[in-house]
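Take a look at the structure set out below.
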Protein chains: 2
Amino acid sequence: MAMIEAKRKAALWLENGGIRATRQREILAALLMGDGHNRHVTAESLFDAVRGCGERVSLATVYNTLRAFSEAGLLREIHVTGGKVYFDTDTTNHAHFYWEDTGELHDAGHDAPEHEVRVSNLPTPPEGTEVSRVDVVIRLRRI
Amino acid sequence: MAMIEAKRKAALWLENGGIRATRQREILAALLMGDGHNRHVTAESLFDAVRGCGERVSLATVYNTLRAFSEAGLLREIHVTGGKVYFDTDTTNHAHFYWEDTGELHDAGHDAPEHEVRVSNLPTPPEGTEVSRVDVVIRLRRI
DNA sequence: CTCAATGCAAAGTATTTGCAACCGA
DNA sequence: TCGGTTGCAAATACTTTGCATTGAG
């Protein structure tokens, strides 16, 4: 996908989240829409991607922007280590593979509906609460 | 349960993990075995519990010991926020409720087998890996 | 113009580590 | 005694914040 196309998608995406477009946000959004595929990034990895394409956005802004996108429902946070937070451009409900040794994060069985991980027999949420979402992480160990 | 009983369980528990008993480890183990129930602690909360019962263990040792217990298979780590790491004394496979606002963590449907959360249709782990474990976290939002 | 967004550096939070003193087998 | 364990302080890793500057509408 051409960069120009990514920028177009990025603009629509930002508008969709009711987020004002700025130079930095457009760069980050374009990178996230990048190859047209679902991406899993951390603040660091996205920051590196920015520098990698010759652009410049401060690390603090990357952090703040990822949070803003997340709060606008454009991204979904994933927690797999105490350390860093991952963000997923696919906000639909799906499970993840997590490599314990390398820290890689991929979608699990999200290529086709029949491969989707299924969670059943969910308990009723306690009084005064509702389910915000159900996270499923399949941790992998190198054999 | 009396403190003396907790100490007894703690000693067996440590031995079970092949972990040498020391004063601090016995204190921590006894607190974890405490009320005979499954506990969810963080380094901070366990450190506070130590001070609360008049004992003294350094915070660094609490961190190191939790990690040691974890590596010995006596505890299980749970990741729900980028911030802190929770440890669960119940190492069997079970789902958790997580209160997004307060940071509370409880077991979900682990009281009886028929209430257990079920995960099915798990994808085959990628070449060269095996499933270390599957984490299910039900995030709750206050209504 | 005006107010929100940005960038930097400093502060914060959670955790690990280096190393000397210590203690249990 | 000896090697593993502890405690402290310092270091590290990740993220947020304060504030002056910049920029979009």
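What follows is calculated from the coordinates using simple rules that are stated; it is not laboratory data. Predicted model only: the values in this text are computed from it and were never measured. Glycine gets a Cβ as well: all are built from the backbone with ideal geometry, and neighbour counts include every protein chain shown.
Debye-formula intensities of the protein assembly as shown, expressed as log10 I(q)/I(0) at q = 0.11 Å⁻¹, are -0.76 (one equal scatterer per alpha-carbon, no solvent).
Report, in degrees rounded to the nearest 10, the 0 to 90 angle that the Cα long axis of helix A:3-16 makes with the longest principal axis of chain A. It is inclined by approximately 60 degrees. How about A:LYS9: which aspartates and glutamates have a C-alpha closer than 18 Å to its C-alpha, ignoring those fewer than 8 places off in the same chain? Straight-line reach from A:LYS9, under 18 Å: A:GLU26, A:ASP35, A:ASP88, A:ASP90. Couplings 3J(HN,Hα) for the stretch A:18-32, derived from phi with the Karplus relation 6.51 cos²θ - 1.76 cosθ + 1.60 (θ = phi - 60°), are x, 10, 5, 7, 9, 3, 4, 5, 5, 4, 4, 4, 5, 5, 5 Hz, where x marks Gly and Pro. A:ARG142 label point (Cα plus 7 Å toward Cβ) to equivalent points in the other copies: 4.5 nm, shortest first. Rounding to the nearest 10 and keeping the result within 0 to 90°, find how far the Cα-based axis of helix A:59-71 lies from the longest principal axis of chain A. Approximately 50 degrees, to the nearest 10. Which of A:LEU32, A:LEU122, A:LEU105 moves most in a GNM of chain A, Cα contacts under 10 Å? Sorting by GNM fluctuation, first place goes to A:LEU122.
When only alpha carbons are used to place a centre, the stretch A:92-108 and the stretch B:14-61 end up 32 Å from one another.
For chain A, modelled as a GNM whose springs connect Cα atoms under 10 angstrom apart, the maximal fluctuation among A:ILE19, A:ILE27, A:ILE78 occurs at A:ILE19. How far, in degrees from 0 to 90, does helix B:43-52 lean away from the longest principal axis of the Cα atoms of chain B, to the nearest 10? That works out to roughly 30 degrees. A straight Cα-to-Cα reach below 29 Å connects A:LYS7 with the lysines A:LYS84, residues fewer than 8 places away in its own chain not being considered. Here the Gaussian network model covers chain A, with springs between Cα atoms less than 10 Å apart; of A:THR81, A:THR102, A:THR65, A:THR102 fluctuates the most.
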